[in-house]
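What follows is a single structure, written as structure tokens, with notes after it.
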Amino acid sequence: MTDKILTRVKAAGICLAPHSYIRENGQKLEDFGAARFDWLEPNRHALDAGVCIGGNSDYPISSANVMERIESLVTRRAVINGKVYGASQRLSPDEALRTFTMGGAYLQFEERERGSITPGKRADFVLLSSDPGAVAPDRIHEITVLKTYVRGRCVYDAATAPQR
């Protein structure tokens, strides 16, 4: 990505789904060189330019665990070497959550039905073990889903689910 391309993306009304797998695969960015780290997975640049972004896992390239994806957006730190790739592109926990909620809904043309807890929308949501904004950024991946609700009905409860 470049600033010029991002300007064209914004003008065309295109939404992006940039990767968020630095946590597991950051070391693979080394071949691009440090001068390019801030333009690889340019989530902050996109948000600051007013471009909508939606979270994704790019599974099986990286884990489908959303909390790992959110941690990657917040820290941009690779676990294999502890290095931060493109620190200027870090998102806040709230911004990272929004990419996976409202951003994801928008990319699927479902922002009127889901993506936020709003009257009239489907009651699809999860109850987490901790607030991602209240834990150390490098511990976000440890947050677990306690309950999952789909259309207001509990479809998963960790307290009664079979243990793996």
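Overview of results
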quantity: Pick from region 109-127, criterion touching a residue at least 24 places away in the same chain (Cβ under 8 Å) and within 19 Å of residue 96 (Cβ to Cβ), ranking: nearest to the chain's Cα centre (by Cα); calculated: 125
quantity: Selection within region 33-62 - touching a residue at least 40 places away in the same chain (Cβ under 8 Å), within 21 Å of residue 140 (Cβ to Cβ), of a type in the set (Gly, Ala, Ser) and assigned to a loop (DSSP other than H, G, I, E, B); calculated: 54, 55, 62
quantity: Evaluation of residue 66 against (1) in contact with a strand residue (DSSP E or B) (Cβ under 6 Å, 6 or more places away or on another chain); (2) under 21 Å from residue 115 (Cβ atoms); (3) among the aliphatic types (A, V, I, L, M) (one fails), failing number; calculated: (1)
quantity: Region 41-78, residues that are out of contact with any Leu (no Cβ under 9 Å at 6 or more places or on another chain), β-branched (Val, Ile, Thr) and at pLDDT 95 or above; calculated: 75
quantity: Top-ranked residue in region 20-64 [being under 11 Å from the mean Cα position of the chain (by Cα) and among the hydroxyl-bearing types (Ser, Thr, Tyr); ranked as surrounded by the most Cβ atoms within 10 Å (Cβ to Cβ)]; calculated: 20
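The values are calculated or read from the model by the stated rules, or taken from the named source; none is laboratory data. Predicted, not measured: the structure shown is a model, and the values here were computed from it. Positions of Cβ are backbone-derived with ideal geometry, glycine not excepted, and every protein chain shown enters the neighbour counts.
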